[in-house]
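A short worksheet on the structure shown next.
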Amino acid sequence: LKECDDEGLGVVCDYHSCELFPERWFDLVLVLRAKTDVLFDRLSKREYSDQKRQENLECEIMQVVLDEAKEAYAKDIVIQLPSNTIEEMESNIQRAQTW
């Protein structure tokens, strides 16, 4: 990360939890959200176990990652985005690239 900072390059960090990274590392935190039926289908296609699917669905319903992000980082840099369709995913990529 130091090399990227020295060269003025942007870095994308894809992770599902906030506890490892200090706030000073980020200018923007995007939390991708999915409808539970969409999430269930994705996890099933990846052959997640019933227990793992249930854990993921409960976290999505309870917005665990969003709440953790809001607790760990300044609220004005935490943005939730829908990630249900290919179009939404492409829009999310463009938004991250624009930043």
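What is the total of Lys pairs in region 33-99 with C-alpha atoms under 24 Å apart, excluding same-chain pairs fewer than 8 positions apart? Please report the intermediate quantities before stating the final value.
Working: K35/K45; K35/K52; K35/K70; K35/K75.
Counting lysine pairs in region 33-99 gives 4.
Can you give the convex hull volume per residue for the Cα atoms of the chain, as a whole number of Å³?
Taking the convex hull of the Cα positions in the chain, it is 118 Å³ per residue.
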Checklist entry - Do any GluC sites (Glu not before Pro) in region 16-99 lie in a loop, going by DSSP, with at most 13 other beta-carbon atoms within 10 Å of their beta carbon, and if so which? => result E19, E47
Checklist entry - In percent, how large is the relative contact order of the chain, given Cα pairs closer than 8 Å and 6 or more residues apart? => result 38 percent
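Bear in mind these aren't lab numbers, they're just calculated from the coordinates by the rules spelled out. Note that the coordinates shown come from a computational prediction; the quantities given were computed from them, not determined experimentally. No Cβ is skipped: glycine too gets one built from the backbone with ideal geometry, and neighbour counts run over all protein chains shown.
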